[in-house]
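A.B. asks: Once you've had a glance at the structure underneath, I'll fire off some questions.
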Amino acid sequence: MGAAAIMIERRTSIPLLRLLILALVSGSVAFVATSLWMGTRLAAPAPSSAGLPPPELAASDVRFENAYGETLSGWWIEAKPACGTILLMHGIRQNRRAMLSHAPFLVEAGYAVLLFDFRAHGESEGDRITFGHRESGDARAAISFAARQLPGRPVAAIGFSMGGAAALLADPPLDLDALVVEAAYPTWTESVVNKIRIRLGPLAELVAPALLLQLEPRLGISPDALRPINRITGIDTPVLVIAGTDDPHAPLAQSRALYEVARPPKAFWAVEGAGHVDFHRAAPAEYERRVLEFLKRHLGPCPPPTGS
């Protein structure tokens, strides 16, 4: 090859190298920007109006504070006589209305019901969603509120997704007489991978670390603090774990792993064909039968409300 040919090849390769470097830098910047946007979106508040409850439930608007001084909004529905209280705790980026379908059958069975919006959700105060970490304090505040309304009566909780994680992450454990955990993540790392896999498929394993790295700088929370599967092993409260067989956000195997390490007494139910949805709406008759049997077993028999 002559000298002239070598010079032409070098001149040609330099622009190609520059284009390659530019593409790599642009791709990296785009990746970082997208990851930061996703992290911001996940933790951003989700305010919304809960509207008015159905008049037949005779729900009262209530307010109470969590340990951070944030005011939480909710509805209190009292059965007469009420033999205990059931807390209904919604999932991420929802509000109390997401759990409203549960209230009628619980009240009919003789339980008072407290629905509330977690911090940074619905009509409650709060500047960041923390995926169950600080929300566990909201659950503790709700238990205290219920205890003031019905002193000496048992309290149970039904938590969907983040609501279930919040119930499990509380340290020390919540003072509950029974707990129903629905579609809760075992670890936040797995949850992030699941969420990204739904949209990006196999790229989830590459993108997830970029989101997890933002957790501590943004929220002051280590991923190790978001591991319900570790906390459930230290909870003595009877627990019913419910999972959907087709749930991509909380796959059946991950829900079963939560159940396997829980202390007895415990129970497990897989809702056939259900995704990451309201399991009561997916299988209402079976849901009511199983949940009421579980509550009766661990809270004691409950006489029907007056006038039923």
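A.B. asks: What about A270, is it free of Cβ contacts under 8 Å to residues at least 24 places away in the same chain and either over 17 Å from S136 (Cα atoms) or among the hydroxyl-bearing types (S, T, Y) (or both)? I'd like the intermediate steps shown before the answer.
C.D. replies: Numbers: free of Cβ contacts under 8 Å to residues at least 24 places away in the same chain: no; either over 17 Å from S136 (Cα atoms) or among the hydroxyl-bearing types (S, T, Y) (or both): yes.
No; evaluated as a whole, the condition is false for this residue.
A.B. asks: Can you tell me how many residues in region 214-237 are within 20 Å of P45 (Cα to Cα) and of a type in the set (A, V, I, L, M, F, W, C)?
C.D. replies: Adding up the residues that qualify gives 4.
A.B. asks: What about L42, is it under 14 Å from the mean Cα position of the chain (by Cα), aliphatic (A, V, I, L, M), surrounded by fewer than 21 Cβ atoms within 10 Å (Cβ to Cβ) and within 21 Å of H276 (Cα to Cα)?
C.D. replies: Yes, satisfied.
A.B. asks: Do you know which residues across region 125-145 are farther than 11 Å from P228 by Cβ and buried (at least 24 other Cβ atoms within 10 Å of the Cβ)?
C.D. replies: Listed by number, the residues that qualify are T130, E135, D138, A139, A142.
Each reported figure results from applying straightforward, stated rules to the coordinates on display, with no laboratory input. Remember, predicted model here, so these are calculated numbers, not experimental data. Because the Cβ atoms are built from the backbone with ideal geometry, glycine has one as well, and the counts that use them run over all protein chains shown.
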